[in-house]
Amino acid sequence: MNGSKKWDNLFEEASQEVLRWRRKHKKATLTEIEDTVDSELAKMRAQMIQDLALSSEMTNLSDMPVEERPKCPQCGEPLSANGKQQRQLVTEYEEAINLSRSKGVCPECGASFFPPR
């Protein structure tokens, strides 16, 4: 399933959940409604952020031409790929995002780090 279709499905699920919630909470305040909508949309938001981050060229340095790779901040040499790392981050709305990205190593000075996306 492509990202757009997946996001459409997540939006539909969030919309349906908000409508179910509203039927049960007919006297909800504006703040309660806002919190519920934010909570449901946060799931879709996290999936979008994860999908977009994983579509970055920086996800896999070994697939990038050397001249386009990020440069070592210490000596300026293009980084080489040095494996991948799985990370789980938490969004502003407390939703988990799972990322896999290349670890970079400088072939000149040996510095090792994860380049920014």
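Laboratory data are not the source of any read-out in this text; all were calculated from the coordinates shown. Because the structure is predicted, anything quoted here is derived from the model rather than measured. Cβ placement follows ideal geometry from the backbone for every residue including glycine, while neighbour counts extend to all protein chains displayed.
For the chain, take the longest principal axis of its alpha carbons; what is the angle in degrees between that and the long axis of helix 30-54, to the nearest 10 within 0 to 90?
30 degrees
How about segment 1-48: which trypsin sites (Lys or Arg not before Pro) there are in a DSSP loop, with at most 11 other Cβ atoms within 10 Å of their Cβ? List each step's numbers first, then the result.
Details: sites: LYS5, LYS6, ARG20, ARG22, ARG23, LYS24, LYS26, LYS27, LYS43, ARG45; in loops: LYS26, LYS27.
Answer by residue number: LYS26, LYS27.
Once amide H atoms are built 1.01 Å from N in the peptide plane, which residues 5 or more positions from ALA111, or in another chain, come under 5 Å H to H?
CYS106
Which of the aspartates and glutamates could a cross-linker span from LYS26 if the Cα-Cα distance has to be under 16 Å and same-chain partners fewer than 8 positions apart are dropped?
Correct list for LYS26: GLU17, GLU34, ASP35.
Which part of segment 2-17 falls in the paramagnetic zone of SER55, meaning amide N under 13 Å from the point 7 Å along Cα-to-beta-carbon?
2-8
Rounded to whole Å and ordered largest first, report the semi-axes of the equivalent ellipsoid of the chain derived from its Cα gyration tensor (root of 5λ).
Working: eigenvalues 344, 40, 16 Å².
Output for the chain: semi-axes of 41, 14, 9 Å.
Out of PRO65, PRO78, PRO107, any idea which swings most in a Gaussian network model of the chain, alpha carbons joined below 10 Å?
PRO65
Could you work out how far helix 3-24 tilts from the main Cα principal axis of the chain, as a 0 to 90 degree angle to the nearest 10?
Tilt of helix 3-24: around 30 degrees.
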